[in-house]
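See below for the structure under consideration.
The values are calculated or read from the model by the stated rules, or taken from the named source; none is laboratory data. All of these numbers come straight from a predicted model, not from anything done at the bench. Cβ placement follows ideal geometry from the backbone for every residue including glycine, while neighbour counts extend to all protein chains displayed.
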Amino acid sequence: MTLGLDIMGTVLQVSTIGCSLIAAQLLTRKTTERWGYLLMFISLPVYAALEAYYAEWVFFCLNPIYVWLYYKALVEHWRK
């Protein structure tokens, strides 16, 4: 009997949820917000993989915009 579990999709979804929750927590504090931007920037390939896996092409095409926005935020928040 097969439960019909989509292991790859589940792993990608859990990874993106985990990254989002941790980044949201980091972004809520002034002292840790730059780590939140760093985590989101680094985790963008996971989001892109999830979007490609489920053929969500509209969201997948938005990834260059997210890269640019998180890069700008990262540069701004890592300056001392």
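Structure above, values below:
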{"quantity": "Hits in the range 57-67 - residues which are touching a helix residue (DSSP H, G or I) at 6+ places or on another chain (Cβ under 8 Å) and surrounded by fewer than 16 Cβ atoms within 10 Å (Cβ to Cβ)", "calculated": "Trp57, Phe59, Asn63, Tyr66, Val67"}
{"quantity": "Conditions (1) in contact with a helix residue (DSSP H, G or I) (Cβ under 9 Å, 6 or more places away or on another chain); (2) surrounded by 13 or more Cβ atoms within 10 Å (Cβ to Cβ): number failed by Thr28", "calculated": "(2)"}
{"quantity": "Filtered residue count, the range 4-20, keeping only those that are surrounded by 10 or more Cβ atoms within 10 Å (Cβ to Cβ), over 10 Å from the mean Cα position of the chain (by Cα) and free of Cβ contacts under 8 Å to residues at least 12 places away in the same chain", "calculated": "4"}
{"quantity": "Matching residues in the range 29-57 - criterion: being part of a helix (DSSP H, G or I), closer than 16 Å to Leu74 by Cβ and either in contact with a strand residue (DSSP E or B) (Cβ under 9 Å, 6 or more places away or on another chain) or of a type in the set (D, E, K, R) (or both)", "calculated": "Glu33, Arg34"}
{"quantity": "Meets criteria (at pLDDT 95 or above, in a helix (DSSP H, G or I) and within 18 Å of Ala73 (Cβ to Cβ)) for Leu26", "calculated": "yes"}
